[in-house]
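Trainee: Input: one structure, supplied below.
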Amino acid sequence: MDLDYLFTRTSGLETDRLFFRALTAEDADDYFLLASDPKVTTHTIWPRHERLSDTHTYLKRVEEQNVLRHSYHWGIVLKSSGRLIGRIGIINVDGDHEKAELGYALASEFWGQGFITEAGRRVVSFLFTEVGVHRLEARCSEHNPGSYRVMEKLGMTFEGLLREQLRIQGYFVNQRMYAMLQSDYNNASYR
Ligand SMILES: CC(C)(COP(=O)(O)OP(=O)(O)OC[C@H]1O[C@@H](n2cnc3c(N)ncnc32)[C@H](O)[C@@H]1OP(=O)(O)O)[C@@H](O)C(=O)NCCC(=O)NCCS
């Protein structure tokens, strides 16, 4: 797994409808629109952004984590309008064990049009073919079928239920664990 490549060659990724670029402090207004939407945060591990200052704090952390090489987040931009409509990225980047964990969120008005599956396939391909990740993980609440359906469409395998792994809005919930190995990616239909 080539961490130098991962953290320096992230620009220029695109798909038919989308392009990806680093998420920065300048995205605060657009990002706040999705992060403050209760529909988006119903099942997320992170709480809803109540004020624009929450988004500023989050985006500052994103940049710090990028510098520390702990995580990387792309902003997802719609080519047709130039608007930032979501984010996709990896956290828990682990060079020793050559693995990382995928996460994503999309503004609710764009749900159900295949955008995150499209974005995810491009990022998965980048990670396995260019960066050399060995194992890519993804997790979500068991009450979030939209999210785990995306994991399935990316070719990830359900590995089990992490019992009461998260406390979301005051309730402990089970989390579904998915992962994809380099060998799984080699068999993926979309590669
Ligand atoms: C999860 C999320 C990223 C999906 O984005 P999206 O662009 O709408 O996803 P796609 O359109 O690529 O695919 C969604 C798939 O889930 C399915 N789906 C969506 N909601 C569903 C539901 N309630 N029950 C069953 N399937 C559902 C869709 O039908 C589609 O599958 P299909 O193509 O086989 O029909 C988006 O809903 C979101 O941002 N949610 C809030 C944030 C979040 O939960 N992030 C993940 C945290 S782990």
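The values are calculated or read from the model by the stated rules, or taken from the named source; none is laboratory data. This structure is a prediction, so every number in the text was calculated from the model and none was measured. Here Cβ is always computed from backbone atoms with ideal geometry, including for glycine, and neighbour counts include all displayed protein chains. With ligands, DNA and RNA removed, areas are computed over all heavy atoms of the protein, side chains included. Shrake-Rupley method; radii C 1.70, N 1.55, O 1.52, S 1.80 Å.
Trainee: Which residues, counting only those in region 10-67, are polar (S, T, N, Q) and away from the ligand (no atom under 13 Å from the Cβ)?
Mentor: Matches in region 10-67: Thr10, Ser11, Thr24, Ser53, Thr55, Thr57, Gln65, Asn66.
Trainee: Checking the structure you have, find out if any residue of region 71-87 is of a type outside the set (Ser, Thr, Tyr), in contact (Cβ under 8 Å) with a residue 12 or more places away in the chain and over 27 Å from Ala188 (Cα atoms).
Mentor: For region 71-87, residues of a type outside the set (Ser, Thr, Tyr), in contact (Cβ under 8 Å) with a residue 12 or more places away in the chain and over 27 Å from Ala188 (Cα atoms): present.
Trainee: Additional query: Select the strands (runs of 3 or more DSSP E) contained entirely in region 101-191, then report the ones holding at least 2 residues which are modelled with pLDDT of 95 or more and crowded, with 19+ Cβ neighbours inside 10 Å.
Mentor: In region 101-191, 135-141, 171-181 are the strands (runs of 3 or more DSSP E) which contain 2 or more residues that are modelled with pLDDT of 95 or more and crowded, with 19+ Cβ neighbours inside 10 Å.
Trainee: Name the helices (runs of 4 or more DSSP H) wholly within region 1-92 that hold at least 2 residues that are open to solvent by less than 10 Å² (accessible area, probe 1.4 Å) and of a type in the set (Gly, Ala, Ser)?
Mentor: Qualifying helices (runs of 4 or more DSSP H): 28-35.
Trainee: Right, something else. Counting only residues that are over 14 Å from Val150 (Cβ atoms) and of a type in the set (Asp, Glu), which one in region 102-133 is nearest to the ligand (Cβ to nearest atom)?
Mentor: Of everything passing the filter in region 102-133, Glu109 is nearest to the ligand (Cβ to nearest atom).
Trainee: Here's something else I'd like to know. Would you tally the residues in region 64-86 being over 16 Å from Asp30 (Cβ atoms) and under 15 Å from the mean Cα position of the chain (by Cα)? Full working, then the answer.
Mentor: Of the residues in region 64-86, the ones over 16 Å from Asp30 (Cβ atoms) are 64-72.
In the following step, the residues that additionally are under 15 Å from the mean Cα position of the chain (by Cα) were identified as 65-66, 70-72.
Qualifying residue count for the region: 5.
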